[in-house]
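Below is one structure, written out as structure tokens; the observations come after it.
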Amino acid sequence: MQTIEKLCAKRNIRLTPQRKTVIQLMLNADKAMSAYDLLDQLKEIEPQAKPPTIYRALDFLIEQGFVHKVESINCYIICPHFDDPSHISILFICDKCQSIIEEHSPIIEAQLQSLAQKNMFIIQHSVLEIHGTCQHCANQIVGQ
Ligand SMILES: [Zn+2]
Ligand SMILES: [Zn+2]
């Protein structure tokens with residue numbers, strides 16, 4: 001939270017109490033959340049909150065690189081690498097428990113950049129979503 005606050009100050013952007021609350025909720029959850037999960041929790045704090053409230057806050061947080069949208073499961077996660085907003089994020093998504101691990105790879109990043117250059121393509125943002133089974137769930141399958 002402190003890191004985010006510092007970055008916002010540095011970028012000269014306003015972290016409204018609402019945006020702050022959404023970040024706090026996501027940090028507390030420590031897992032992917034849908035917009036409706038977030039709305040439900042936000043309503044406990046701000047009963048007048050409506051879907052556009054959440055979507056506006058999320059759009060802002062995505063734009064700032066604090067949050068990634070996970071398209072394939074229509075959820076949002078907080079990014080642990082705020083200070084590098086242009087990073088390519090590799091998400092390992094467990095199909096059993098929906099846990100998500102975020103990884104970065106300078107090698108893959110360089111490779112993607114060179115493929116993009118070859119096609120004169122400018123990458124704006126990229127999230128690689130990779131589905132499978134996490135260690136915890138894989139152990140459970142073996143244990144059965
Ligand atoms: Zn990230
Ligand atoms: Zn799992």
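The values are calculated or read from the model by the stated rules, or taken from the named source; none is laboratory data. Since we're looking at a predicted model, the values are computed, not measured. Glycine gets a Cβ as well: all are built from the backbone with ideal geometry, and neighbour counts include every protein chain shown. Only protein heavy atoms, including side chains, enter the accessible area calculation; ligands, DNA and RNA are left aside. Shrake-Rupley method; radii C 1.70, N 1.55, O 1.52, S 1.80 Å.
Quick notes
- Most mobile of Lys20, Lys31, Lys96 in a GNM of the chain (Cα contacts under 10 Å): Lys96
- Ordering Leu15, Ala29, Leu39 by Cα displacement along the dipole of segment 1-40 toward the positive end leaves Leu15 in first place; charges were set at the Cβ atoms of Lys, Arg (+1) and Asp, Glu (-1).
- Accessible surface of His104 - all protein chains present, 1.4 Å probe, nearest 10 Å²: 50 Å²
- Applying the Kirkwood pairwise sum to the alpha-carbon positions of the chain produces a hydrodynamic radius of 16.7 angstrom.
- Gaussian network model of the chain, springs between alpha carbon atoms under 10 Å - residue of Leu112, Leu39, Leu58 with greatest fluctuation: Leu112
- Charging the Cβ of each Asp and Glu at -1 and of each Lys and Arg at +1, and nothing else, the dipole of segment 2-143 about its Cα centre rounds to 400 debye.
- For the residue pairs Lys6/Lys31; Lys10/Lys43; Lys31/Lys69, alpha carbon separations beyond 19 Å are given by Lys6/Lys31; Lys10/Lys43.
- Accessible-area composition of the chain, carbon plus sulfur, in percent [1.4 Å probe]: 52 percent
- Using 0.36 nm per residue and subtracting the Cα-Cα separation, the extra length available between Cys97 and Val142 on full extension is 14.6 nm.
- Accessible area of the chain divided out per residue, in Å², using a probe of 1.4 angstrom: 64 Å²
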